[in-house]
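Notes follow once the structure below has been shown.
The values are calculated or read from the model by the stated rules, or taken from the named source; none is laboratory data. Computed from a predicted model, the values in this text were never measured in an experiment. Positions of Cβ are backbone-derived with ideal geometry, glycine not excepted, and every protein chain shown enters the neighbour counts. Areas reflect the complete protein model, heavy atoms only, side chains present, ligands, DNA and RNA absent. Shrake-Rupley method; radii C 1.70, N 1.55, O 1.52, S 1.80 Å.
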Amino acid sequence: MLKVEGLYAGYGSTDVLHGISLTVPKGKVVSLIGSNGAGKTTTMRALSGMIKPKRGGVLLNGKSITGLDSHRIARLGLAHSPEGRRVFPTLSVQDNLLLGAFPRLSGNRPKGNVREDLESAMELFPRLKERRRQLAGTLSGGEQQMLAMARAVMMRPDVILLDEPSMGLAPILVDEVFKIVRKLKAQEVTMLLVEQFAAAALDVSDYAYVLESGRIALEGPAEKLKGDSAVRAAYLGGAH
Ligand code: ATP
């Protein structure tokens, strides 16, 4: 479980987040929705240690991870699948995935069976299975995005931060990504999801927060937010 309390973060002297609080309960999928520039990616970065929070606290399974380095946070069980294609281009798909398991192998968390998990990841992401020996840098953008997501899964984390997993993907791949999120949810993987497709994100989520200019403007069960007229007008194109 991930708990964020009164988080302030930003870049240089500029605050982007102005005291946000949210909870991602164990086994649940929680979405963070909001317009461009609202601070969704900044939230993910502040949680995973890519940037340091200025004030406030982040608790993972009841223990503070506030201000720790990103590699320590990963070892404690929080995985970040960042926006964009952050893979190791000169390594094969398989080696990228094996590296994904590294934080759990070097930390105090259960080590599990990495080979078995590799095969499960290949089943979950069939596109990667077909390309397991291909260099990651030669994958299409969408495939690289899936690899970044699969690498986070390989960590067997307690919580996954999924930042825009569908960004820049062709519609058929977007559907595939959401199917994978559903499968992970069925396995009770705990996720915080940021998605440009707010309607699809709410469909797979249990609960959601609406972020506006670095503040939580609204929150509630995803089903309820889907029916909220202000949310529909601002984020769902009014058509859902
Ligand atoms: P989008 O949906 O467009 O990705 P977002 O909600 O994820 O938006 P952020 O990427 O968190 O928004 O950006 C919030 C604000 O922080 C924006 O004003 C942005 O310009 C600024 N920002 C983001 N990254 C940096 C950075 N590395 N340095 C300085 N400012 C940044």
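Here the range 76-115 is the region considered, the condition is being among the charged types (D, E, K, R) and farther than 14 Å from Arg151 by Cα, and the residue that is least open to solvent (accessible area, probe 1.4 Å) is Arg109. Does Leu193 fit the bill of being closer than 28 Å to Gly107 by Cβ, in the same structural domain as His18 (by TED's automatic domain parsing) and not small (Gly, Ala, Ser)? For Leu193, the condition - closer than 28 Å to Gly107 by Cβ, in the same structural domain as His18 (by TED's automatic domain parsing) and not small (Gly, Ala, Ser) - is met.
Residues that are out of contact with any Ser or Thr (no Cβ under 7 Å at 6 or more places or on another chain) and of a type in the set (A, V, I, L, M) were ranked within the range 150-167; the one that is surrounded by the fewest Cβ atoms within 10 Å (Cβ to Cβ) is Met167. Give Leu193, Leu147, Leu184 a once-over and let me know the one that is within 16 Å of the ligand (Cβ to nearest atom) and open to solvent by less than 10 Å² (accessible area, probe 1.4 Å). The unique qualifying residue is Leu193.
Only one entry in Ala170, Ala217 is surrounded by fewer than 18 Cβ atoms within 10 Å (Cβ to Cβ), within 13 Å of the ligand (Cβ to nearest atom) and either of a type in the set (Val, Ile, Thr) or farther than 26 Å from Lys111 by Cα (or both), namely Ala217. The set of residues in the range 204-214 that are hydrophobic (A, V, I, L, M, F, W, C) and within 13 Å of the ligand (Cβ to nearest atom) comprises Val210, Leu211.
The residues of the range 11-48 that are open to solvent by less than 40 Å² (accessible area, probe 1.4 Å), within 7 Å of the ligand (Cβ to nearest atom) and either free of Cβ contacts under 8 Å to residues at least 60 places away in the same chain or farther than 18 Å from Ala222 by Cβ (or both), listed by number, are Val16, Gly39, Thr41, Thr42.
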